[in-house]
Amino acid sequence: MSILQAIIYGIVQGIGEFLPISSTAHLVLLPWLFGWKDPGVVFDVALHLGTAIAVILFFIRDWIRIIGAGLTKPKTQDGKLFWSLVLATIPGGLFGVLLDKHMENFRNAALIGVMLIVMGIILYLADKYGNKTVNITETGIKRSIIIGIAQVFAVIPGISRSGITMSAGRLLGMTRESIARFTFLMSAPIILGDALYHAKDLVNTSIDKAHFFAAMITAAVVGALSIKFLLDYLKSKGFGIFTIYRCILGVLVIVACFLR
């Protein structure tokens, strides 16, 4: 793998992890479409560390405030938000570990193409018909649990963690910006946990440090820019553009499967 390929993987991870377009789908499709070798677990760890760094640093002030309130003033708005995030994280973390060994069964290009389209339509409908009044501090226990359970389906490439959780949040009455911010905060421990969980497989594995850090730093920088872009974008616009992109890409992948 060249440094350029490592940077491209980092860009794709940084964009796909936070925009509702499925980073896993894009990372599977890249080597499939261009004939690149599978980057393996080392790159998976590098990419997830990069996006974990991005979301942690981007919201560092929020994290300090929320964690402090959660541990000392749990009945305040920030305290309740902290425990809502904890509840929402549990299903994704638990099922992520339980289903990890079966992940390869879902890495099928045709399935990815279909899921890109299906999730794109769900995202559009949830955004269009969802209520638009609930703020992030009003998330509550019920919404947190449902959003957390929805996140479990993101193990299927093409679904997208941000896509499925934002759709769930919109259907549960949350504003676009609120569910986007909740999704990003919730993703931090999941992404970091995923990286650390797979880091155990790096024992006795040779690591090309230049490629590893190129991918990680790129994913971190692009990830932070993606978070800022989406939060600003959703202040005045909906998810329609992402539905269009997902449907076009899904159709192209399905056509490519038939042609091959």
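The values are calculated or read from the model by the stated rules, or taken from the named source; none is laboratory data. Fair warning: this is a prediction, and the values are worked out from it, not measured in the lab. Virtual Cβ from ideal backbone geometry, glycine too; neighbours counted across all protein chains shown.
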Options 248, 254, 227: the member that is in contact (Cβ under 8 Å) with a residue 60 or more places away in the chain and more than 13 Å from the chain's Cα centre (by Cα) | 254
For the range 92-109, the count of residues that are of a type in the set (A, V, I, L, M, F, W, C) and either surrounded by 13 or more Cβ atoms within 10 Å (Cβ to Cβ) or at pLDDT 90 or above (or both) equals 5
With (1) closer than 18 Å to residue 25 by Cα; (2) assigned to a helix (DSSP H, G or I); (3) under 15 Å from the mean Cα position of the chain (by Cα) as the list, and residue 220 as the residue in question, which single condition is left unmet?
-> (1)
Out of the residues in the range 123-138 that are closer than 12 Å to residue 168 by Cα and among the hydroxyl-bearing types (Ser, Thr, Tyr), state the one that is surrounded by the fewest Cβ atoms within 10 Å (Cβ to Cβ).
-> 129
Within the range 121-131, identify whether any single residue is outside any loop (DSSP other than H, G, I, E, B) and in contact with a strand residue (DSSP E or B) (Cβ under 9 Å, 6 or more places away or on another chain), and answer yes or no.
-> no
Every residue from the range 81-96 that is in contact (Cβ under 8 Å) with a residue 12 or more places away in the chain and either out of contact with any helix residue (DSSP H, G or I) (no Cβ under 7 Å at 6 or more places or on another chain) or among the aromatic types (Phe, Trp, Tyr) (or both) = 82, 83, 86, 95
Which listed residue is free of Cβ contacts under 8 Å to residues at least 60 places away in the same chain, in contact with an Asp or Glu (Cβ under 7 Å, 6 or more places away or on another chain) and surrounded by fewer than 22 Cβ atoms within 10 Å (Cβ to Cβ), from 74, 31 = 31
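I'd like the full set of residues that are in a helix (DSSP H, G or I) and more than 15 Å from residue 18 (Cα to Cα), limited to the range 170-190.
170, 171
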